[in-house]
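The structure appears right after this line, and notes come after that.
Any read-out appearing in this document is the output of simple, stated calculations on the displayed coordinates, not a laboratory observation. Note that the structure is a prediction, hence the values are computed from the model and not measured. In this analysis, Cβ positions are derived from the backbone assuming ideal geometry, glycine residues included, and neighbour counts consider all displayed protein chains.
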Amino acid sequence: MIALLLLLLAAEPPLEAEIDSQTREDDELPPSSVLPYAPRFEGKTLAGLVCGPEVKDASVRKLLKEGTQLTDSKDLQRVRKAVPKLQRALELDPHAGWAYLILGSAYAKLGEPRAGTRAYETYLLSCRTYPNADRVQRILTDYWRATGGKDDPTPRR
């Protein structure tokens, strides 16, 4: 019984996943109100990212749409199928920033906070003034606080 209690206490908190289609207008701050953010999860700042779902390449647009629909599912098997589609979208168009946002959500739903925080943070660092960036920042900050302020709760090998 004590071992089970210790296991429950040691479990890392979940990373919030509902960022994509769940973002509400009241979550969005105007670009002039961008709050300072200290990177903590190995995210990268990428120049020239297209922060919204609007991309020029039709095949990338299709992959983003399919990946978003799969990620919105409550069925984890469907969410798992979103990851390779979103990764492929980034291979075809490294500037498809929306893929990082949806990847963060997919990884969070799949219980993979290390990959989720890295994807969310790359989106945040590269799309600071996009309307939903404040929501992503709150997710990352809340997760960082929930893990006791550790930069990354997952041990490195």
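Net charge of the neighbourhood of Arg128, taken over other residues with C-beta under 12 Å away and scored Lys/Arg +1, Asp/Glu -1, is -2. Placing pseudo-labels 7 Å out from each Cα toward the beta carbon at Ser73 and Asp57 gives an inter-label distance of 2.4 nm. Compactness of the stretch 67-157 was expressed as the Cα radius of gyration divided by 2.2 N^0.38 Å, which yields 1.07. Gyration tensor analysis over the Cα atoms of the stretch 60-101 returns equivalent ellipsoid semi-axes of 18, 8, 8 Å (largest first, whole Å).
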